[in-house]
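Chemist: Following this message is one structure expressed as structure tokens.
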Amino acid sequence: MKLKRYIFILLLLSAFLMPVNASGRPAAEAFVSVSQVDGTLKIRTNKANANIYVYSILGNLVAERRLAQAQEEISFNLPKGYYIVKVNEEVQKIVVR
């Protein structure tokens with residue numbers, strides 16, 4: 001359990017230090033759009049078969065889904081707070097208000 005927390009903390013720190021596209025590919029190739037409206041987190045990407053993970057700021061996995069098709073949009077109803085969204089290798093931070 002400590003190792004899992006340690007790995008998550010490293011992931012969290014790297015999210016603040018690395019660009020959104022951690023793989024170094026140009027942003028035109030692939031995009032991930034993460035937004036929030038009235039407590040609903042919306043995620044959209046042009047990647048097919050994308051794995052989406054939503055973590056709380058404490059490192060707990062809050063939600064996990066898989067997008068079957070490109071350009072599909074997923075919505076999550078989440079309580080107010082800070083979240084880390086990981087779509088495949090891309091990581092973004094978001095505040096739900």
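Chemist: Pairs please, first residue from the range 53-71 and at positive phi and surrounded by 11 or more Cβ atoms within 10 Å (Cβ to Cβ), second anywhere and of a type in the set (Lys, Arg) and not in a loop (DSSP other than H, G, I, E, B), Cβ atoms under 7 Å, 6+ apart in sequence or on different chains.
Modeler: Close Cβ pairs satisfying both conditions: Gly59/Arg5.
Chemist: Looking only at the range 56-97, filter to residues that are under 17 Å from Val37 (Cβ atoms), modelled with pLDDT of 90 or more and hydroxyl-bearing (Ser, Thr, Tyr); which one of those is nearest to the chain's Cα centre (by Cα)?
Modeler: Tyr83
The values are calculated or read from the model by the stated rules, or taken from the named source; none is laboratory data. Note that the structure is a prediction, hence the values are computed from the model and not measured. Cβ: placed from backbone, ideal geometry, glycine included. Neighbour counts: every protein chain shown.
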